[in-house]
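K.L.:
Structure incoming, see below.
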Number of protein chains: 2
Amino acid sequence: MSLNPDPNPVDTLDHPHIQEYFAFGISVDCVVFGYDGIDVKVLLIERGTDPFKGYQAIPGDLVHPTEDAVTATERVLKDLTGLTNVYLEQLQTFAGVDRHPLGRVATIAYFSLLKIGDYNPKPSSWATDAQWTPIQDLGEMAFDHKEIFDAALERLQMRVRQKPIGFELLPAEFTLADLQHLYETLLNTQFDKANFRKKILAMDLLLAMDKTQKAVRHRPARLYQFDAARYEALSKRGFHFEL
Amino acid sequence: MSLNPDPNPVDTLDHPHIQEYFAFGISVDCVVFGYDGIDVKVLLIERGTDPFKGYQAIPGDLVHPTEDAVTATERVLKDLTGLTNVYLEQLQTFAGVDRHPLGRVATIAYFSLLKIGDYNPKPSSWATDAQWTPIQDLGEMAFDHKEIFDAALERLQMRVRQKPIGFELLPAEFTLADLQHLYETLLNTQFDKANFRKKILAMDLLLAMDKTQKAVRHRPARLYQFDAARYEALSKRGFHFEL
DNA sequence: TTGATAAGTGTACATTTTACATTATCCAAA
DNA sequence: TTTGGATAATGTAAAATGTACACTTATCAA
């Protein structure tokens with residue numbers, strides 16, 4: 001026995017109890033990743049009210065009636081960090097019946113990468129509670145947010161191998177050692193220095209600066225920038241980044 | 001000026017106009033792929049009513065208040081094909097403000113792979129209109145369904161290289177030439193027969209049957225089965241399928 | 001018996017990956 | 001000015017993998 005005697009309610013919206021089908025809230029949640037040169041971190045809110053008071057939560061909000069999901073996520077990010085042009089990718093939608101104790105809310109999860117130095121908490125909003133948390137030591141998380149986080153991390157680890165998005169987490173100028181350490185931390189592996197460097201440079205995606213590190217007590221490393229325009233051009237010719 | 005004076009409506013649901021935030025419908029749409037030995041096909045509905053009467057549409061339905069998204073999708077698939085255990089993967093959620101002319105409906109898109117021989121249209125439902133359509137010659141599609149289809153095909157092409165899900169589209173027993181032709185069709189490429197066969201067999205994912213093709217006018221090829229249990233075991237040891 | 005057809009195998013060559021050794025450059029301290 | 005510590009940066013040989021293509025095998029049908 002189906003709850004749905006109408007053969008095709010989504011098309012015509014003329015089901016006798018159609019209003020019951022339009023009682024959903026839709027939220028967006030955004031897992032924001034950063035990297036400080038040592039750890040991969042995630043930006044989390046400590047909840048100040050029930051339900052889940054004191055638990056860590058992924059920043060998010062209900063989608064407004066007049067905005068689409070990406071717009072809502074960008075709004076959340078702007079309110080949270082002051083930033084507008086950050087890497088954003090839709091992750092997965094979580095629509096379990098009981099995932100929110102106070103109503104039927106489906107959440108469209110995103111993840112975002114930003115340069116941790118650009119982070120600029122907005123003191124006038126709930127973002128004051130936002131904390132960069134190393135991904136190894138998360139506390140208990142509200143709702144199904146642990147599940148969302150796990151999915152985001154897994155997706156990030158996968159994506160970072162096949163698209164040159166690691167650079168979104170680094171300062172504009174970085175050394176090859178910085179880049180290698182980021183990948184090693186993110187993917188929980190070790191790379192041979194010589195081979196890593198050959199592989200990356202062979203892709204021809206980096207712009208060598210005429211600068212080096214300062215204030216190090218050893219031979220200073222050359223600084224590089226990611227050449228986004230070059231990546232665009234190569235992509236059109238069938239190039240695809242790997243590892 | 002924000003529509004949202006409450007700092008955190010999704011958490012507490014105590015916004016003064018909260019009911020406006022709970023006026024969404026959520027649907028699921030499922031792009032169903034099949035393969036008949038020649039073409040990759042997709043199962044589409046021809047719409048009998050406005051809006052978009054006469055256009056092709058991806059099968060879907062509104063999510064009921066008491067079911068989650070996967071359950072809704074499995075229900076749609078069951079109604080459509082009679083099948084219950086098919087490969088199903090969440091694709092992406094489309095939540096544009098104006099994507100549905102009759103109301104604010106966000107759709108969670110899935111894609112599904114099934115053995116075309118198992119397809120068994122249910123004559124008592126709207127599935128009677130369902131048609132296997134070769135993916136090269138789609139007609140005009142309703143709503144934003146073309147966009148959804150394109151995303152599904154792209155995802156399928158990507159996924160089929162890194163997970164052994166091509167077998168979901170083949171009969172339980174198949175020849176290596178069948179498998180090669182499937183991949184060539186799906187990915188729009190050509191493989192060297194000898195190398196393809198070496199690569200696949202080296203993965204040790206196929207069970208060689210003591211059977212061969214019948215009724216062919218040349219040397220009959222050996223039949224194989226996909227060994228799902230073996231794949232499980234290998235996966236746990238870090239193996240990962242590629243191409 | 002033979003030819004057509006596709007199944008299935010072998011191999012040499014090119015390319016990429018891997019492991020590890022070596023050289024280069026800067027700073028700081030002697 | 002020299003030397004040692006540290007990491008940057010490069011070189012190379014062996015191993016592994018990918019590629020191209022020729023060759024052999026099995027079945028059917030004429």
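Condition check ((1) modelled with pLDDT of 95 or more; (2) away from DNA strand C (no atom under 16 Å from the Cβ); (3) more than 20 Å from B:ARG47 (Cα to Cα)) across all residues:
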residue: B:LEU114; (1), (2), (3): yes, yes, yes
residue: B:GLY117; (1), (2), (3): no, yes, yes
residue: B:THR128; (1), (2), (3): no, yes, no
residue: B:ILE148; (1), (2), (3): yes, yes, no
residue: B:LEU169; (1), (2), (3): yes, yes, yes
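K.L.:
Also: Working carefully through the options A:LEU223, A:LEU201, A:LEU206, A:LEU234, find the one that is away from DNA strand D (no atom under 12 Å from the Cβ) and of a type in the set (A, V, I, L, M, F, W, C).
P.N.:
On the way: A:LEU223 fails: away from DNA strand D (no atom under 12 Å from the Cβ); A:LEU201 fails: away from DNA strand D (no atom under 12 Å from the Cβ); A:LEU206 fails: away from DNA strand D (no atom under 12 Å from the Cβ).
Testing whether each residue is away from DNA strand D (no atom under 12 Å from the Cβ) and of a type in the set (A, V, I, L, M, F, W, C) leaves just A:LEU234.
K.L.:
Could you please find all residues in the stretch B:60-81 being hydrophobic (A, V, I, L, M, F, W, C) and surrounded by fewer than 18 Cβ atoms within 10 Å (Cβ to Cβ)?
P.N.:
B:VAL70
K.L.:
Name the single residue, out of those in the stretch A:172-198 being outside any helix (DSSP H, G or I) and either touching a residue at least 60 places away in the same chain (Cβ under 8 Å) or polar (S, T, N, Q) (or both), that is nearest to DNA strand D (Cβ to nearest atom). So that I can check it myself, show each step before the final result.
P.N.:
First pass over the stretch A:172-198, keeping only residues outside any helix (DSSP H, G or I): A:172-175, A:188-192.
From the residues that got through so far, the ones that are either touching a residue at least 60 places away in the same chain (Cβ under 8 Å) or polar (S, T, N, Q) (or both) too are A:175, A:188-190.
Working: A:THR175: 6, A:ASN188: 20, A:THR189: 17, A:GLN190: 14 Å.
Across the stretch A:172-198, the extreme among qualifying residues is A:THR175.
K.L.:
Among the numbered conditions (1) under 21 Å from the mean Cα position of the chain (by Cα); (2) within 12 Å of DNA strand C (Cβ to nearest atom); (3) among the aliphatic types (A, V, I, L, M), tell me where B:ILE200 comes up short.
P.N.:
(1)
K.L.:
Can you name the residue in the stretch A:205-219 that is surrounded by 13 or more Cβ atoms within 10 Å (Cβ to Cβ) and in a loop (DSSP other than H, G, I, E, B) and is also nearest to DNA strand C (Cβ to nearest atom) among such residues?
P.N.:
So the residue we want is A:GLN213.
K.L.:
Moving to a separate point now. For A:THR84, are the conditions met, namely being of a type in the set (S, T, N, Q), on the phi < 0 side of the Ramachandran plot and surrounded by fewer than 22 Cβ atoms within 10 Å (Cβ to Cβ)?
P.N.:
Details: of a type in the set (S, T, N, Q): yes; on the phi < 0 side of the Ramachandran plot: yes; surrounded by fewer than 22 Cβ atoms within 10 Å (Cβ to Cβ): yes.
Here the answer is yes, as A:THR84 does meet what is asked.
K.L.:
Would you say B:MET141 is surrounded by 14 or more Cβ atoms within 10 Å (Cβ to Cβ), within 16 Å of DNA strand D (Cβ to nearest atom) and either more than 14 Å from chain A (Cβ to nearest Cβ) or within 30 Å of B:GLY48 (Cα to Cα) (or both)?
P.N.:
No.
K.L.:
Given the stretch B:49-126, what strands (runs of 3 or more DSSP E) lie entirely inside it while holding 2 or more residues that are over 22 Å from A:HIS17 (Cβ atoms) and within 8 Å of another protein chain (Cβ to nearest Cβ)? Lay out the reasoning, then the answer.
P.N.:
Values: elements: B:60-62, B:87-94, B:105-113.
The qualifying strands (runs of 3 or more DSSP E) are B:87-94.
K.L.:
Any residue in the stretch A:174-184 that is of a type in the set (S, T, N, Q), within 21 Å of the chain's Cα centre (by Cα) and either modelled with pLDDT of 95 or more or surrounded by 11 or more Cβ atoms within 10 Å (Cβ to Cβ) (or both)?
P.N.:
First, the residues of the stretch A:174-184 that are of a type in the set (S, T, N, Q): A:175, A:180.
Within this subset, residues satisfying the condition of being within 21 Å of the chain's Cα centre (by Cα) are A:180.
Add one more test, that the residue is either modelled with pLDDT of 95 or more or surrounded by 11 or more Cβ atoms within 10 Å (Cβ to Cβ) (or both), and what stays is A:180.
Looking through the stretch A:174-184, at least one residue is of a type in the set (S, T, N, Q), within 21 Å of the chain's Cα centre (by Cα) and either modelled with pLDDT of 95 or more or surrounded by 11 or more Cβ atoms within 10 Å (Cβ to Cβ) (or both).
K.L.:
Output the residues belonging to the stretch A:34-48 that are part of a loop (DSSP other than H, G, I, E, B), in contact with a strand residue (DSSP E or B) (Cβ under 8 Å, 6 or more places away or on another chain) and within 14 Å of chain B (Cβ to nearest Cβ). Break it down into steps so the answer makes sense when it comes.
P.N.:
Keep residues of the stretch A:34-48 that are part of a loop (DSSP other than H, G, I, E, B), which gives A:36-39, A:47-48.
From the residues that got through so far, the ones that are in contact with a strand residue (DSSP E or B) (Cβ under 8 Å, 6 or more places away or on another chain) too are A:36, A:39, A:47.
If the condition is that a residue be part of a loop (DSSP other than H, G, I, E, B), in contact with a strand residue (DSSP E or B) (Cβ under 8 Å, 6 or more places away or on another chain) and within 14 Å of chain B (Cβ to nearest Cβ), then A:ARG47 is the only one that fits.
The values are calculated or read from the model by the stated rules, or taken from the named source; none is laboratory data. What you are looking at is a predicted structure, and each value in this text was computed from that prediction instead of being measured. Don't worry about glycine lacking a Cβ; one is built from the backbone with ideal geometry, like all the others, and counts go over all protein chains shown.
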